[in-house]
Every structure is written in C-alpha cells, then in structure tokens.
1. Stretched out fully, how many nm does the piece from R13 to S206 gain, at 0.36 nm a residue minus the Cα gap?
2. Suppose we keep just the DSSP beta bridges with both residues in the range 7-205; what percent of those would be antiparallel, to 5?
3. Expressed as a rounded percentage, what relative contact order does the chain have, with Cα pairs under 8 Å and six or more residues apart?
4. Taking the Cα centre as origin and putting +1 on Lys and Arg beta-carbons and -1 on Asp and Glu beta-carbons, what dipole magnitude results for the chain, to the nearest 20 debye?
5. Charges on Cβ only, +1 for Lys and Arg, -1 for Asp and Glu, centred on the Cα centroid of the chain; of G195, V30, S109, which one is farthest towards the dipole's positive end?
6. Taking R0 as 22 Å, what FRET efficiency do you get between E143 and E21 from their Cβ-Cβ distance, rounded to the nearest 0.05?
7. When the label point is put 7 Å from the Cα of S6 along its Cα-to-beta-carbon vector, which residues of the range 89-118 have a backbone N closer than 17 Å?
8. Per residue of the chain, what 222 nm ellipticity follows from adding -39500 (n - 2.57) for every DSSP H run with n ≥ 4, rounded to the nearest 500?
Amino acid sequence: MSMKMSETLHWDRGNGMISDENGDSVARVVDRDVLSLADEWGDADPGLVVIAPCGSHAGVDPEPSADLLARWSSDSWEPFNEAMVRAGDLAAEHGTEFVVLPGAGGRLSDAVCTVSWSASHSDVGLLLDPVGWLTPSMMRDLEDHLIRFASVCGEMPNIWGVVMRSVRMDDSGALVHAPVGEGLVSGELLERTIGTIPSPRRILSS
C-alpha cells in the first residue's frame, strides 16, 4: 500500500502563522508555552489550529543543567498534564484544535520522552520539530541523532505535522533557526532522516 503524500505547509516564524500552498492560514504557533496558554487563551485566532511549545529553558543553552532539571522534575508532570487538558478544553470551546510543539529545554525535551508521553495522551496532536531537539553537544554526531529521532518517532499515531528546517550556531554557541538549505543540516540529510517520519503534513519553516 502506498503512503499518502503529505500536505506541504509553510511556517513563517516572524508571525507564527502556518499557511497552505495557497497562502491561507491554517494554524498559529503562539509565543506562550502550554502552561501559560492554558491560563491566557485570549488572543488565539478563531478557527485556526493553536500550537504551543511544550515549555522553554531560561538559559541560552538547553543542555541538561541543574536549572533545567529543577524546572522539569518529575513533580512537574502533573501541572503540565493538567495544562494540556485545559488547553484542549479551551480549543474545543473555540471550535478548533490544540497541538503541542516538543523541543529541547521544554517538558517534551527529546524524542524518547515525547513518544513515551504521547502513548498515554494519544488525543493530543504533536507538531514534531526534530531539529528542535538538537543541542550544541549533539552536533558532533548530527546524522546519528537525526536517524535516531526518525526511528523513535516513526510509529507515533498522533503526529499533526513534521517540521523541516535547519540550525546554525550563533556567536554565543547556541543553536538558532535556519531555513532548509542553510545552516548545519543539509536538505539531503533532512530528507534521509526526519523526512521519512510518516506525517499528514510537512511544514517548511522559513
């Protein structure tokens, strides 16, 4: 059986909007994490899918640290899961869908954690951004990490979309966004690794 072709969408990181090939907006990535969104839904766009990051690390570098481990200790699962429920209820009230965006430094900080969490939260859509799980120390074995991400995520049932993008290292040594074709992750490497994750949507991030 042939796999259905993924729909290609475009994420304008300047305004957070995700649009289809006709330029029509279908989703918005908000600038608040899940915990904040659940309490401050207010300005979410009516009718658009609402996507929120799973959290963020206060420091420049999302490598594991005492601060990071303290913020995302095992005790924090309960408020995170409660916020997910509230966000889902608010989305339903507004006639739309809520999707969470995992990433390094947040509660769903790596592929294994995200797959494990999603197994008991299959009603929550995930916008996977595997390059967003990378940290500076991973760049030595970049291809191995991307292969592992693709392998771990391959069987996830609740993927809303997969982001295709690159990163570059800024002057401080932190990884920052770069479009496909630029930065440290080649387009060919993306296609061979995370491009193989089955998904109904492929999101090109500008």
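Every read-out reported here was derived from the displayed coordinates using simple, explicitly stated rules and does not represent laboratory data. All values derive from a computational prediction rather than experimental measurement. Glycine gets a Cβ as well: all are built from the backbone with ideal geometry, and neighbour counts include every protein chain shown.
1. 68.8 nm
2. 35
3. 21
4. Dipole about the Cα centre, nearest 20: 440 debye.
5. Of the listed residues, the answer is G195.
6. 0.15
7. The answer is 100-103, 111, 115.
8. Details: 6 runs with 54 residues, N = 206.
After summing the helix terms and dividing by residue count, I get -7500 deg cm²/dmol.
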